[in-house]
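Novice: My questions will all concern the structure given below.
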Number of protein chains: 2
Amino acid sequence: MANNAQRFFTAALGLCAVFEAAAFEPLPEQAPAPADNPITPEKVELGKQLFFDPRLSVDGTVSCNSCHNVMSSGTDNRPVSVGVAAQKGGRSAPTVWNAAFLSAQFWDGRAPTLEEQAKGPILNEIEMGMPNEQAVVERIKVIPQYVEQFRRVFGGENPVTYDNIAKAIATYERTLITPNSAFDRYVKGDKQALSDDAKKGMQLVKDLGCTGCHAGPDFSGSANRKTGEGNFQKFPVFPGSEYDTKYNLLDDPGRYSVTKKEEDKHVWRVPTWRNVALTAPYFHNGSVKTLDEAVRVMAKTQLNKDLNEEQVKQIVAFLNSLTGEFPEQTMPVLPVVANTSLIVE
Amino acid sequence: MANNAQRFFTAALGLCAVFEAAAFEPLPEQAPAPADNPITPEKVELGKQLFFDPRLSVDGTVSCNSCHNVMSSGTDNRPVSVGVAAQKGGRSAPTVWNAAFLSAQFWDGRAPTLEEQAKGPILNEIEMGMPNEQAVVERIKVIPQYVEQFRRVFGGENPVTYDNIAKAIATYERTLITPNSAFDRYVKGDKQALSDDAKKGMQLVKDLGCTGCHAGPDFSGSANRKTGEGNFQKFPVFPGSEYDTKYNLLDDPGRYSVTKKEEDKHVWRVPTWRNVALTAPYFHNGSVKTLDEAVRVMAKTQLNKDLNEEQVKQIVAFLNSLTGEFPEQTMPVLPVVANTSLIVE
């Protein structure tokens, strides 16, 4: 009898542990890499150099890091970014920290992988403005040290290709992980890691339904196991609130701009909550300046709920517990072509 | 007699050593700091953060590092730099590496110290575009971690001041030194460190007279001991060559724009030769794309000499021997204000 009771409790505890783990999980300290692009230290270093190299932009002024600042929140903390010739994009730069865990890349999920994502902004005329892939490859090919590095990392006759540039950048990005947030420490057993407000906020996001979409270790859900498609969601689910016009939520059709399917209008890839306290302003258009207002907007537009100020405070406290530790990084050294100019205009 | 001869040779060798040292000196590994701004590790770190922080520009897109890239040559390797709103300056960004050794700062020497220099670009409307000193101080003051760092570094009731911002940045810049070039190793006794061409170029720059202005360990001369004024020189000394129009050498009146004195027309602070192989394009207007052409232009305009291609090659080889070692640096971590936006536009 004692034995049976013991067995019952053990089994019940086991179930609870499984349930808790499924609901709230710590951030992995490593990101998975695709089979055709394994992570190596040399590739990470090359990718870091390229990520910081403004020569990947047409006039040599904009690097990946200009809008996804890894010395900071992984964003530029602006409503929308500024590219070459002071051109402004239409969407706010998402953080590159923990982007390796997203179900798809870009706000509209148009890139399934970090490799595909990396190829976009370099050729976007309002971002880095390079005219075509070949021009990017030629830029890199005249820098002897880069050619040597590409040879070592990728091998082959012709190692400097646009694909390999993207592979190196993606590999560096896979190392941009911020583990050990207060939340992570809590989930791993340190029950003192969260404040009472944060604990209440943690319960609230579950009870209200936020974690229906913001699921998994980085709170952005996961790709569909069968189709591989990203975790997409309509925003607003409940149109008609004051926020639609106040924050221009319906100006951008979202994923529809990629698929042209009616059902994809105002559909977006679910963003991460990791480090969300550091990435203001909020939403795809950077229209909301503070996290508390972003919480109010989401509750209303996605769940049709009006939160009271206590609830907002508690959820904000919980979201702040998701700010992780930013690993120390060495600066890359960008190889220079001696004795001559690369950027001429 | 043997004793006298020995004494004579010893004295002669001693004189030669003094003469050689005066002509060619290795780069010091540390820069002197002013009495009112001593170097401390905490101040260097704060200065590094500020140097990399784009929030010192009006729209949050331009940092000191944007134009003086310390992951690279300490410049942007562009003819002229691009500031906020894609505005272009009139002069090429000088390298920040070894700037601590310059006799004065800016091409026209209008700042006697790194501290004074640091105050300029932040408020320049075509560079970082902040409206006034107070606006810069307010930007920093709303970032709690910065306030705490300023308190630790500078103490006092009101540690976040424009002066202290400049002091921190200048302190970081004093650590930006590239020792141990091939030239330095040669001067210190490693006679294999220079190629034959470089050795011939080294002799040439002395014989031709280049080192009359490009003197001292960083080849930019030193400030006047009595007046403290920087090492200035007319350029071109010999006007009338084809280069004046080909490279628009007379469009900018140089130091005259600061002093309004007739004798300062086309007068410039002598720039360093350290890492000059990496800082193309050349001259105050970035009009010359290659180092060999820069050597030809200088010989003609400053010394009225037409070099042959062998001489140019040798001088370029010597100048390449002045490329130093760039110290490994950790990336700064820029403190973020949680839950809200700092840059709003």
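Novice: Looking at region B:82-110, which of the residues that are aliphatic (A, V, I, L, M) and buried (at least 20 other Cβ atoms within 10 Å of the Cβ) is nearest to B:V288 (Cα to Cα)?
Specialist: Looking at the filtered set, the residue picked out is B:A93.
Novice: Quick one: count up the residues across region B:221-256 that are under 20 Å from the mean Cα position of the chain (by Cα), of a type in the set (S, T, N, Q) and farther than 19 Å from B:A299 by Cβ.
Specialist: Total satisfying the criteria: 3.
Novice: Please specify each residue of region A:131-167 satisfying the condition of being crowded, with 20+ Cβ neighbours inside 10 Å, of a type in the set (D, E, K, R) and under 27 Å from A:P32 (Cα atoms).
Specialist: A:K167
Novice: What's the number of the only condition in (1) without any contact (Cβ under 8 Å) to a residue 12 or more places away in the chain; (2) in contact with a Pro (Cβ under 8 Å, 6 or more places away or on another chain) that A:A111 fails to meet?
Specialist: Answer for A:A111: the failing condition is (2).
Novice: For region B:36-55, give me each residue that is surrounded by fewer than 24 Cβ atoms within 10 Å (Cβ to Cβ) and away from chain A (no Cβ under 13 Å).
Specialist: Passing the criteria: B:D36, B:N37, B:P38, B:I39, B:T40, B:P41, B:E42, B:V44.
Novice: If a residue must be within 11 Å of chain B (Cβ to nearest Cβ) and on the phi < 0 side of the Ramachandran plot, how many such residues does region A:56-94 contain?
Specialist: Residues in region A:56-94 being within 11 Å of chain B (Cβ to nearest Cβ) and on the phi < 0 side of the Ramachandran plot: 25 in total.
Novice: In addition: Checking B:I143 against (1) more than 22 Å from B:P281 (Cα to Cα); (2) modelled with pLDDT of 95 or more; (3) away from chain A (no Cβ under 12 Å), which single condition isn't satisfied?
Specialist: (3)
Novice: From (1) more than 25 Å from the chain's Cα centre (by Cα); (2) not assigned by TED's automatic domain parsing to the domain that holds B:L303, pick out the condition that doesn't hold for B:R110.
Specialist: (1)
Novice: Related question: It is to be established whether one or more residues within region B:282-301 are over 25 Å from B:D251 (Cβ atoms) and buried (at least 23 other Cβ atoms within 10 Å of the Cβ).
Specialist: Taking every residue of region B:282-301 in turn, none turns out to be over 25 Å from B:D251 (Cβ atoms) and buried (at least 23 other Cβ atoms within 10 Å of the Cβ).
Novice: A follow-up question, please. Here is a list of conditions, (1) in contact with a Leu (Cβ under 6 Å, 6 or more places away or on another chain); (2) surrounded by fewer than 21 Cβ atoms within 10 Å (Cβ to Cβ), and B:I315 meets all of them except one; can you say which number that is?
Specialist: Only one criterion is unmet by B:I315, namely (2).
Novice: From A:A280, A:A223, A:A299, grab the single residue that is in contact with a helix residue (DSSP H, G or I) (Cβ under 9 Å, 6 or more places away or on another chain) and either among the charged types (D, E, K, R) or under 24 Å from A:G74 (Cβ atoms) (or both).
Specialist: Just one listed residue meets the conditions, A:A280.
Novice: Ok, one more. Enumerate the helices (runs of 4 or more DSSP H) found wholly within region A:248-345, keeping only those where 1 or more residues are under 25 Å from A:Y186 (Cβ atoms) and within 14 Å of chain B (Cβ to nearest Cβ).
Specialist: Once the helices (runs of 4 or more DSSP H) in region A:248-345 are filtered for at least 1 residues that are under 25 Å from A:Y186 (Cβ atoms) and within 14 Å of chain B (Cβ to nearest Cβ), what remains is A:291-303, A:309-320.
Novice: Right, next: Is it the case that B:G230 is part of a loop (DSSP other than H, G, I, E, B), surrounded by 20 or more Cβ atoms within 10 Å (Cβ to Cβ), at pLDDT 95 or above and out of contact with any helix residue (DSSP H, G or I) (no Cβ under 9 Å at 6 or more places or on another chain)?
Specialist: Considered against the rule, which asks whether it is part of a loop (DSSP other than H, G, I, E, B), surrounded by 20 or more Cβ atoms within 10 Å (Cβ to Cβ), at pLDDT 95 or above and out of contact with any helix residue (DSSP H, G or I) (no Cβ under 9 Å at 6 or more places or on another chain), B:G230 comes out as yes.
Novice: I've got another one for you. In this structure, does B:A33 turn out to be surrounded by fewer than 23 Cβ atoms within 10 Å (Cβ to Cβ) and outside the structural domain of B:G129 (by TED's automatic domain parsing)?
Specialist: In short, yes.
The values are calculated or read from the model by the stated rules, or taken from the named source; none is laboratory data. These figures come from a predicted structure and were not determined experimentally. Because the Cβ atoms are built from the backbone with ideal geometry, glycine has one as well, and the counts that use them run over all protein chains shown.
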